[in-house]
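In what follows, a structure is listed as structure tokens, so that the remarks can point back to it.
The values are calculated or read from the model by the stated rules, or taken from the named source; none is laboratory data. From a predicted model like this one, the values you see are computed outputs, not experimental measurements. Glycine gets a Cβ as well: all are built from the backbone with ideal geometry, and neighbour counts include every protein chain shown. Surface accessibility is based on the protein's heavy atoms, side chains included, excluding ligands, DNA and RNA. Shrake-Rupley method; radii C 1.70, N 1.55, O 1.52, S 1.80 Å.
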Amino acid sequence: MTSLGRRRLLTYLVAAPTLAVATKISLDALAPAIAEGAVPTPPAPADLVDLGDLLILAGAPTAEMLVLRVQEDGVIEFRLPREEVGQGLTTAVAMLVAEELDVPLPRVRVRLDDARPELVFNQLTGSSNSIRSLYDPVRRTAAAARARLLAAAAERWGVIAGSLIVREGLVIAPDGRTASYGSLAAAAASFSRTTVPIAPKKESEHTLVGTPATRIDARAMVTGRQEYTLDLDVPGAKPCMVRRPPTINGTVKLVNNESAVRAMPGVLDVVIIGSGIAVVAETFGQARDAKEALDVTWGAGTVDALSDADIKAKLKAANAPLAVPGVLVKRVDAEFDFAFASHAPLETNSAVADVRPDRAEIWSGLKSPIVAQAAIAKAVGLPVDKVTVHVVQSGGSFGRRLFFDAALEAAVVSKKSGRPVRLMWSRIDDMRHGRMRPATHHKIRATYALGQVLTFEHRVAAVETDFRHGLGDMLTATAASLPTGVGNASFAQTLFLTTVKSPYNFGLTTQVLTEVPLKMHTGSWRSVYSGNTRGAEEIVVDELAAQLGKDPVAFRRAFLKTARQREVLDKVTHEGNWGRSLPEGWAQGVGFHEEYKSCTACLVEIDARDPKKPRVTRAVIAADVGRPINPSGLEAQLLGGLTDAISTTLRAGLHIDKGLPMEGSYSQFHYARQKDSPKDVKIFVMPASDEPGGAGELGVPAAVGAIANAYARATGTKPRSFPVNFDIDFDPFPRT
Amino acid sequence: MPSHTFIVNGKTVTVNAPDDLPLLWALRDLLGVRGPKYGCGIDVCKACTSHLDGEAIRPCVVPVSEATGREVTTIEGLADGDELHPVQQAWLEQDVAQCGYCQPGQIMAAVALLKRKKSLTDADIDEIANVCRCGTYFRIREAIKSAAAKMA
Ligand code: FES
Ligand code: FES
């Protein structure tokens with residue numbers, strides 16, 4: 001830090017602008033092209049204002065409080081108030097900065113910002129919203145820095161700034177004189193205002209943005225130098241693990257052998273915390289042995305009596321009734337169940353904490369660090385400004401790291417134990433006591449006559465999703481901007497209504513969520529409600545097509561709302577050779593999805609000769625994300641969404657048995673492996689057409705639909721319960 | 001406390017640890033070698049995959065005593081200085097990593113496989129059971145194939 005501080009830097013802090021972003025709430029779905037004869041569906045709330053719009057609105061007052069520094073060595077450092085979990089955001093942002101400043105990509109360093117409470121709602125990573133919310137502010141910030149650098153060069157040479165050009169971070173005068181950004185940084189810092197216009201480049205002039213780039217941290221990742229939370233060297237921080245209860249939210253009544261455990265090799269401390277008993281030791285191996293040796297009398301948890309069958313019954317009973325009578329009309333009726341799913345990022349929940357009497361420092365993978373900071377400050381009894389929360393790049397999230405439970409635990413242990421600790425969750429705990437996508441029940445009824453779909457009703461019942469990580473507050477703050485009827489809904493309802501919509505003209509379309517509150521650890525999982533909700537709808541779309549005697553692709557084409565949607569569908573059917581003949585037991589399937597101003601289609605082929613061991617053998621995906629920043633990163637996100645869909649549709653889920661998930665590792669929670677993945681994948685990112693849409697979660701729902709539809713066709717079944725192969729094919733680990 | 005001497009990435013090291021301490025924790029906690037990652041601790045996720053005398057092992061289930069007198073290579077020891085191993089190079093070319101957490105293990109598994117078999121089939125690649133929760137499998141497959149072609 002000191003060596004950095006001694007260097008002279010150009011620090012650029014752009015003042016907060018007006019609420020300009022508020023004007024961008026779009027009405028783009030209001031005037032869709034209607035397929036011949038199809039019964040138009042009026043726009044759903046999510047067509048008018050989607051969740052991303054709301055988050056942008058909530059973050060707008062602080063959207064341009066971004067920090068970019070030009071160092072004397074020419075390195076551009078950009079502080080990013082978001083979390084990187086593998087989604088490729090740091091690379092995309094570095095590209096935007098490099099583009100505006102005309103420097104080679106490797107010269108831009110992106111550093112994840114510590115928790116900055118002054119950003120209020122502008123430091124939450126989720127809802128596929130980072131690029132959408134940062135695209136303009138990042139470009140404007142970089143453009144402003146560039147303007148100052150040019151002004152400094154112009155003054156140095158006594159020429160007008162407009163006559164200067166920039167190549168690879170070198171400012172070039174008309175007479176050929178050059179100056180590096182680094183050499184101009186100090187002079188530029190003294191300019192309080194410039195006459196150089198600071199508008200970002202025209203998008204048509206982009207040369208880097210929109211072209212595929214390798215991750216900026218790829219080399220660190222393949223050489224083992226990429227540091228995750230527990231790889232950080234925090235002096236004196238000792239390994240720590242927690243013994244957790246035999247059921248969710250169980251309590252510690254009594255530790256029966258504390259002194260014996262304290263005497264075990266390497267053990268430094270044993271501390272009771274709210275969620276269990278923490279052991280601090282010299283190595284994680286010793287911490288694990290010691291926490292396992294603890295003999296504990298446990299108190300009851302919050303859902304001890306509950307098992308899958310009860311939860312399924314509760315969901316079914318709670319689900320809202322259908323409105324359209326199911327008599328005297330031609331219709332498709334279908335009910336679906338989806339199991340709980342673990343987020344299961346490969347890096348388990350972890351944090352480093354160093355809590356002193358007068359200050360605290362925390363390191364963890366945090367997507368909502370401002371909320372984490374406030375909670376930690378409260379828990380350790382310090383003012384918020386005495387708690388420094390570092391956001392560490394992490395090993396996957398899929399929604400998980402919106403929660404900061406490991407950071408909170410580590411802080412409490414560090415305070416109680418009086419030493420810095422590195423706290424790690426075991427995989428078993430991560431799966432059993434971690435967060436999960438809630439189980440859902442779906443009731444769908446679609447009616448039709450004379451070849452047209454007249455109504456499409458979808459009733460979703462879900463175990464309550466926990467949004468108490470900051471997203472809920474952002475929604476409350478923006479409630480006034482919601483279309484009539486949504487403003488007073490609960491967080492979950494609002495989220496559902498601002499994310500779930502149908503891309504089809506299916507006449508009167510209604511999608512309703514009912515939540516069943518159960519005291520379990522839930523959380524939004526990549527694509528939140530859409531994975532199950534839209535996945536189930538895509539299955540019904542195939543069944544409707546079959547009843548109407550139509551090809552699934554031709555049927556979708558006829559009912560999709562816009563030409564843009566149809567282009568994406570056409571791309572996969574053409575590239576994927578839709579309709580090609582396949583051997584017995586194999587089949588193709590297709591799915592479509594639209595969210596956050598992006599749309600995608602997915603075509604898969606499945607080998608289900610053994611229905612118990614299906615394998616997706618080939619996948620073709622096309623996506624229109626409005627404006628791709630890094631097509632390579634986008635393809636990676638779509639590939640990840642495909643793998644998620646293969647997993648949760650075919651084999652991966654959690655069984656709840658008497659208050660605890662049975663699965664405790666990847667040998668039991670069957671997330672796909674190489675042998676379950678297609679050998680042939682083609683992904684097409686459509687050319688830029690508009691502003692950037694969301695893409696981090698986009699891939700899941702269409703792939704769920706495509707895989708389920710392919711499986712149905714290959715096996716001649718109607719899958720209704722997911723994952724389709726969900727036997728308990730393992731011996732569960734002991735409960736505690 | 002027993003002491004164990006072995007070679008890690010070309011350097012001789014000695015650690016004092018119980019015989020049964022998993023090598024993973026000897027590496028990460030006692031030696032500061034943090035390329036191998038924890039993901040399960042029971043030989044399921046394979047995130048910790050490293051080499052013992054050139055063969056793939058999962059140090060989360062190998063006791064440190066077993067390394068005595070032998071040669072451990074972790075992801076940090078794969079490149080030759082700044083010169084990346086062809087498999088690492090292929091990983092860059094295919095832009096494989098997402099979160100990157102599984103990739104040290106994936107790369108070490110692929111290198112070990114390529115050592116055993118010069119020409120690879122898709123079925124050989126399917127045998128790599130390392131979990132990638134970000135779902136990068138297809139790019140891993142492509143990277144292994146391109147590395148194999150270059151190394152042949
Ligand atoms: S940590 Fe070694 S196999 Fe998972
Ligand atoms: S890249 Fe994230 S687990 Fe493989």
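Pairs A:443/A:658; A:314/A:658; A:561/A:679; A:238/B:37: which exceed 22 Å Cα-Cα?
Result: A:443/A:658; A:561/A:679 exceed 22 Å.
How large, in percent, is the carbon and sulfur part of the accessible surface of the protein assembly as shown at a probe radius of 1.4 Å?
53
About its Cα centre, how strong a charge dipole does the stretch B:86-151 have in debye, to the nearest 20, once Lys and Arg get +1 and Asp and Glu get -1 at the Cβ? Write down the numbers at each step before the final one.
Values: 9 positive and 7 negative charges, 43 e Å.
Computed about the Cα centre, the dipole is about 200 debye.
Nothing charged except the Cβ atoms of Lys and Arg (+1) and of Asp and Glu (-1): what's the magnitude of the dipole of chain B about its Cα centre? Round to the nearest 20 debye. Let's see the in-between values first.
Values: 16 positive and 19 negative charges, 42 e Å.
Dipole of chain B, to the nearest 20 debye: 200 debye.
Could you check the spin-label model distance between residue A:165 and residue A:211? Points 7 Å from the Cα along Cα→Cβ, value in nm.
Label-label distance for residue A:165 and residue A:211, simple model: 1.6 nm.
Under 5 Å between amide hydrogens, which residues at least 5 positions from residue A:299 or on another chain qualify, with H placed 1.01 Å from N in the peptide plane?
Counting only residues 5 or more places away or on other chains, the set is A:251, A:252, A:253.
Could you tell me which of A:364, A:346, A:214 has its Cα farthest along the dipole of the protein assembly as shown towards the positive end, charges placed at Cβ (Lys, Arg +1; Asp, Glu -1), taken about the Cα centre?
Farthest towards the positive pole: A:364.
Can you give the relative contact order of chain A as a percent, counting alpha carbon pairs under 8 Å and 6+ residues apart?
Reported as a whole number, the value is 16 percent.
Any idea of the accessible area per residue across chain A, 1.4 Å probe, to the nearest Å²?
Heavy-atom accessible area per residue stands at 35 Å².
Where Lys and Arg each count +1 and Asp and Glu each count -1, what net charge lies around residue A:375 among other residues with Cβ under 11 Å from its Cβ?
+1
Across the stretch B:22-39, in residue order, what do the Karplus-derived ³J(HN,Hα) couplings come to in whole Hz, using 6.51 cos²θ - 1.76 cosθ + 1.60 with θ = phi - 60° and x for Gly and Pro?
x, 3, 3, 7, 4, 5, 6, 8, 9, 10, x, 8, 10, x, x, 9, 8, x
Quick one: which of A:97-107, A:279-289 comes out on top by average Cβ neighbours within 10 Å, and what's the full order, highest first?
Result, highest mean Cβ count within 10 Å first: A:279-289, A:97-107.
Roughly how far apart, in whole Å, are the Cα centres of the stretch B:1-62 and the stretch A:92-129?
Measuring centre to centre over Cα atoms gives 36 Å.
Starting from the Cα of residue A:232, move 7 Å in the Cα-to-Cβ direction to define the label point; list residues of the stretch B:1-35 whose amide nitrogen is under 18 Å from there.
Counting backbone N atoms under 18 Å from the label point, the list is B:29, B:32-35.
Enter the Cα centre distance for the pair the stretch A:249-296 and the stretch A:517-546, rounded to the nearest angstrom.
Here the answer is 40 Å between Cα centres.
How many partner chain Cβ atoms sit within 10 Å of a residue's Cβ in peptide B:117-127, on average, as a whole number?
That average works out to 2.
Under 5 Å between amide hydrogens, which residues at least 5 positions from residue A:84 or on another chain qualify, with H placed 1.01 Å from N in the peptide plane?
A:394
Any idea of the total accessible area buried by the B-A contact, 1.4 Å probe, rounded to 100 Å²? Could the numbers behind the result be given before it?
Working: alone 7910 and 28010 Å², together 31310 Å².
Interface between B and A: roughly 4600 Å².
Based on the Cβ-Cβ distance of residue B:65 and residue B:123, what FRET efficiency does E = 1/(1 + (r/R0)^6) give at R0 = 25 Å, to the nearest 0.05?
0.10
Find how much the distance from residue A:730 to residue A:521 grows on full extension, using 0.36 nm per residue of separation minus their present alpha carbon separation; answer in nm with one decimal.
Result: 72.9 nm gained on full extension.
Any chance you could look up the accessible area of residue A:273 with a 1.4 Å probe, heavy atoms only, rounded to 10 Å²?
10
Only four residue types carry charge here, +1 at the Cβ of Lys and Arg and -1 at the Cβ of Asp and Glu. Report the dipole size of the protein assembly as shown about the Cα centre in Debye, rounded to the nearest 20. Intermediate results must be reported in sequence, preceding the final value.
Details: 101 positive and 99 negative charges, 115 e Å.
That gives a dipole near 560 debye.
Please list A:661-667, A:115-121, A:385-391, A:316-322 highest first by mean number of surrounding beta-carbon atoms within 10 Å per residue.
Final packing ranking: A:661-667, A:385-391, A:115-121, A:316-322.
If I take every Cα pair under 8 Å that is 6 or more residues apart in the stretch A:553-640, average their sequence separation and divide by the length, what percent do I get for the relative contact order?
Dividing the mean separation by the residue count of the stretch A:553-640 yields 24 percent.
Output wanted: per-residue J couplings in Hz (rounded whole) for the stretch A:269-274, from phi through Karplus 6.51 cos²θ - 1.76 cosθ + 1.60, θ = phi - 60°, x for Gly and Pro.
Result, rounded to whole Hz: 6, 10, 9, 7, 10, x.
State the answer as a single residue: which of A:237, A:318, A:275 lies farthest towards the positive end of the charge dipole of the stretch A:232-345, with beta carbon charges of +1 for Lys and Arg and -1 for Asp and Glu, about the Cα centre.
In the stretch A:232-345, that residue is A:318.
Full-extension gain between residue A:617 and residue A:72, please, as 0.36 nm times their residue separation minus the C-alpha to C-alpha distance.
191.0 nm
Residue separation times 0.36 nm, minus the C-alpha to C-alpha distance between residue A:251 and residue A:609: what's the value?
Gain in length upon complete extension: 124.1 nm.
Under 5 Å between amide H atoms, partner at least 5 residues away or on a different chain: which partners does residue A:598 have, H built in plane at 1.01 Å?
Answer set, sorted by chain and number: A:694.
What shape does the protein assembly as shown take by its C-alpha gyration tensor, where a ≥ b ≥ c are the square roots of the eigenvalues and a/c under 1.5 counts as rounded, a/b above b/c as prolate, and the rest as oblate? Let's see the in-between values first.
On the way: a/c = 1.40, a/b = 1.07, b/c = 1.31.
Rounded.
Which pairs in the list A:682/A:718; B:115/B:150; A:550/A:613 are over 25 Å apart, alpha-carbon to alpha-carbon? Walk me through the intermediate numbers first.
On the way: A:682/A:718 27 Å; B:115/B:150 13 Å; A:550/A:613 29 Å.
The answer is A:682/A:718; A:550/A:613.
Given a cut-off of under 8 Å on Cα pairs at least six residues apart, what relative contact order in percent is computed for chain B? Please list the in-between numbers first.
Values: 261 pairs, mean separation 36.7, N = 152.
Dividing the mean separation by the residue count of chain B yields 24 percent.
In chain A, with Lys and Arg counted as +1 and Asp and Glu as -1 at Cβ, which of these residues, A:492, A:617, A:108, has the Cα nearest the positive end of the dipole, that is, farthest along it?
The one lying farthest along the dipole's positive direction is A:108.
Packing-wise, with mean Cβ within 10 Å as the measure, how do A:723-735, A:593-605 rank, highest first?
Values: A:723-735: 14.3, A:593-605: 29.0.
Ranking the peptides A:723-735, A:593-605 by packing returns A:593-605, A:723-735.
From other protein chains only, count the Cβ atoms within 10 Å of every residue's Cβ in A:668-677, then give the mean.
Details: counts 1, 1, 0, 5, 5, 9, 17, 8, 2, 9.
Across the residues of A:668-677, the mean count of other-chain Cβ atoms within 10 Å is 6.
Take peptide A:424-433, look around each residue's Cβ out to 10 angstrom, count Cβ atoms belonging to other protein chains, and average those counts.
Going residue by residue through A:424-433 and averaging, the value is 2.
Averaged per residue, what accessible surface does chain B expose to a 1.4 Å probe, in Å²?
For chain B, the solvent-accessible area averages 36 Å² per residue.
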